[in-house]
1. Residues of region 1-10 being in a helix (DSSP H, G or I) and out of contact with any Lys or Arg (no Cβ under 7 Å at 6 or more places or on another chain), which ones?
2. Sort out which residues of region 69-104 are in contact (Cβ under 8 Å) with a residue 12 or more places away in the chain and of a type in the set (G, A, S), and write them in order of number.
3. With respect to the numbered conditions (1) closer than 17 Å to R2 by Cβ; (2) in the same structural domain as W15 (by TED's automatic domain parsing), which one is the sole condition not fulfilled by C97?
4. Filtering region 101-113 down to residues that are in contact with a strand residue (DSSP E or B) (Cβ under 6 Å, 6 or more places away or on another chain) and either part of a loop (DSSP other than H, G, I, E, B) or among the hydrophobic types (A, V, I, L, M, F, W, C) (or both), which residue is nearest to R143 (Cα to Cα)?
5. Taking region 109-153 as the search range and keeping residues that are hydroxyl-bearing (S, T, Y) and exposed (fewer than 13 other Cβ atoms within 10 Å of the Cβ), which one is modelled with the highest pLDDT?
Amino acid sequence: MRFLCDHMLSRLGKWLRAAGHNTLIAASSLSDQEVLALALSEERLLVTRDRHFLKMKAAEPILLYLKSNGFEACIRELNQLISINWLHAPFSRCLNCNSLLEEPMFSIVEHLSSKIRQEKTKFWYCPACERVYWEGSHTARMRLQLMHWQKKK
């Protein structure tokens, strides 16, 4: 599944990326019409809390309107609306820009601190924004959260 989250749901969008889903997060500067046009042109499900989209006929087939206010409530509501796989491809996308992550060349890893290089064995690299990721305690907690949401479906 491919998603476009409006700016209000950027946190949810990052978690969808963490699960491995191709997820764009709309810039706050985009109008509702521009957000809808982007979702339609890229064949993405539009995830939003913005009621204005409910009035747009063109949005009906792709709209996932969430009524909930809190983050966890939005997760539960999204799980009810669609059958989402929270373990689709964990940590295969950049949380920052949505690009697919790659295994880094050694020249990239050697710029990390020696402590990280000694403690960690698996690294991922975003070729678009040049971020390096590794499996740490934060990643382990996120993986447990994804597993929890998968079980709650």
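1. If the condition is that a residue be in a helix (DSSP H, G or I) and out of contact with any Lys or Arg (no Cβ under 7 Å at 6 or more places or on another chain), then H7, S10 are the ones that fit.
2. S83, A89, S92, S99
3. Of the numbered conditions (1) closer than 17 Å to R2 by Cβ; (2) in the same structural domain as W15 (by TED's automatic domain parsing), the odd one out for C97 is (2).
4. To start, the set of residues in region 101-113 that are in contact with a strand residue (DSSP E or B) (Cβ under 6 Å, 6 or more places away or on another chain) comprises 101-102, 104, 108-109.
From the residues that got through so far, the ones that are either part of a loop (DSSP other than H, G, I, E, B) or among the hydrophobic types (A, V, I, L, M, F, W, C) (or both) too are 101, 104, 108-109.
Numbers: L101: 17, P104: 21, I108: 25, V109: 23 Å.
Only one residue tops the list, namely L101.
5. The initial filter retains those residues of region 109-153 that are hydroxyl-bearing (S, T, Y), namely 113-114, 121, 125, 133, 137, 139.
With the extra rule that they be exposed (fewer than 13 other Cβ atoms within 10 Å of the Cβ), the set shrinks to 113-114, 121, 137.
On the way: S113: 83, S114: 86, T121: 75, S137: 89.
That would be S137.
The values are calculated or read from the model by the stated rules, or taken from the named source; none is laboratory data. Bear in mind the structure is a predicted one, so any value in this text is a computation, not a measurement. No Cβ is skipped: glycine too gets one built from the backbone with ideal geometry, and neighbour counts run over all protein chains shown.
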